[in-house]
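The values are calculated or read from the model by the stated rules, or taken from the named source; none is laboratory data. Here the structure is a predicted model, which means the values were calculated and not measured. Positions of Cβ are backbone-derived with ideal geometry, glycine not excepted, and every protein chain shown enters the neighbour counts. The accessibility values were calculated without ligands, DNA or RNA, using every heavy atom of the protein model including side chains. Shrake-Rupley method; radii C 1.70, N 1.55, O 1.52, S 1.80 Å.
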Amino acid sequence: MYRDGARKSIWQEEVRKFSAETDLSQIFDVAIVGGGITGVSTALKLQESGKKCIILEAANIGFGTTGGTTAHLNDFFDTTFNEAIRDFGLEKARLYAESGVDAIEIIEDRIQQYNISCDFARKSAYLFALDEKQQEQLKSIVEGAHKVGHEMSYVNEIPFPIPFKEAVLIPGQGHFHPIKYIKGLCEAFIKLGGSIQENCHCEDHDEYDEYVTLKTSKGEIKVGNVVYATHIPPGVNVLHFTNAPYRSYAMAFTMKNDRYPWALGYDLCEPYHYYRIQSIEGENLLIAGGEDHKTGHAENTGECFSRLENYVREYFDVETVYYSWSS
């Protein structure tokens, strides 16, 4: 395992190469640019529908956010249901809530369909307020959840050694091993005839009436359609002015007393902290995340790791930092 200071995520031991010799002169129905969970899931769905697809990944499958996530599966979000109601109305906020439920169910169905061993488990989550300001936030979150039919219930105790003012339990959440999961999806995709090209950077594209030409580091590739699964599509568009990339930090610890909190946990600090347990090579590790900031807005990312570690050690009886990474 990787000791304190290593900047490699807890999941990276499972990374493998999927590229195979492929005739790139043929015309594919769809090219999916980006080999994270979004791109791989989209590619498999299209391949299942009878399309001839290729995944183009600049590094390796799962390299980016998918390989750097803490792999919580939630159907509640940073943008609260009350905020969604305010901005888009109640009916669209209900769709927003349903999409989160559907997303976890899709992952669960895929795991069963393709018999993927990826440490998936349904877990309850605890959302807790640490002061009066956070209590008001929590009240608004719960009010919005009730409006869209999302279950949240107040509780008097949480399984985390953190003093809190108020807390709610949110059932039906989950976690998994993201790289094991998309490995299973890739294997299914390849068996169905899909192609994967790693270390293939897409530099530009030209659109014609009948096809799109992708200019890549491995030459030009002709496709019928292109899906960009790359956070924000390349080029200049309105998304570049409305979306800001953020960096989050995570660390995985052993605990001295073996009292691991097996639920999922989130506070309402700014930026907030989040917790879960993962077993790696038979050893349980507490994963803690936080210290989010806009990319490029931290003077020293090492200080972000230090603040996160100090915060965790203040409340949890942790011992060794086995992994530390950011994404």
Q: Find me the longest stretch of the chain that has none of the exposed GluC sites (Glu not before Pro), where exposed means in a DSSP loop (not H, G, I, E or B) with at most 11 other Cβ atoms within 10 Å.
A: 22-156
Q. Once whole DSSP H runs in the chain are found, which of them have Cα atoms spread over 27 Å or more along the helix axis and a mean Kyte-Doolittle score of at least 1.6?
A. none
Q: With Rg/Rh (Cα atoms, Kirkwood Rh) defined as stated, name the option among [x] 0.98; [y] 1.09; [z] 1.06 computed from the structure displayed.
A: [x]
Q | Accessible area in the full protein assembly, largest first, 1.4 Å probe, for 301, 70, 320 | A | 301, 320, 70
**Q.** Within-10-Å neighbourhood charge of residue 118 [Cβ basis; K, R +1; D, E -1]
**A.** +1
Q: Could you do me a favour and compute the accessible area per residue for the chain, 1.4 Å probe, result in Å²?
A: 50 Å²
Q. Using the reciprocal of the averaged 1/r over all distinct C-alpha pairs, how large is the Kirkwood radius of the range 131-179 in Å?
A. 12.5 Å
Q: Give the long-range amide H neighbours of residue 319: residues separated by 5 or more places, or on another chain, with amide H under 5 Å away, using H modelled in the peptide plane at 1.01 Å from N.
A: 254, 255, 256
**Q.** Accessible-area composition of the chain, carbon plus sulfur, in percent [1.4 Å probe]
**A.** 47 percent
Q: Compute the projected area of the convex hull of the Cα atoms of the range 186-327, averaged over all viewing directions, and report it in nm² to one decimal place.
A: 13.0 nm²
Q.
Report the Cα-based extents of the range 1-106 along its three principal axes, largest first, to the nearest Å.
A. 50, 46, 22
Q | Unsatisfied cross-links (Cα-Cα over 21 Å) in the set 123/294; 139/165; 45/215; 17/191; 45/218 | A | 123/294; 45/215; 45/218
**Q.** Pairs of alpha carbons in the range 215-272 whose separation is greater than 15 Å (percent)
**A.** 76 percent
Q: Please compute the net charge surrounding residue 62, taking Lys and Arg as +1 and Asp and Glu as -1 over other residues with Cβ under 12 Å from its Cβ.
A: 0
**Q.** Cβ-based charge dipole, the chain, positive-most Cα from 148, 79, 200
**A.** 200
Q: Only Lys, Arg, Asp and Glu count, each charged at its Cβ (+1, +1, -1, -1), so figure out the dipole size of the range 109-192 about its Cα centre, rounded to 20 debye.
A: 420 debye
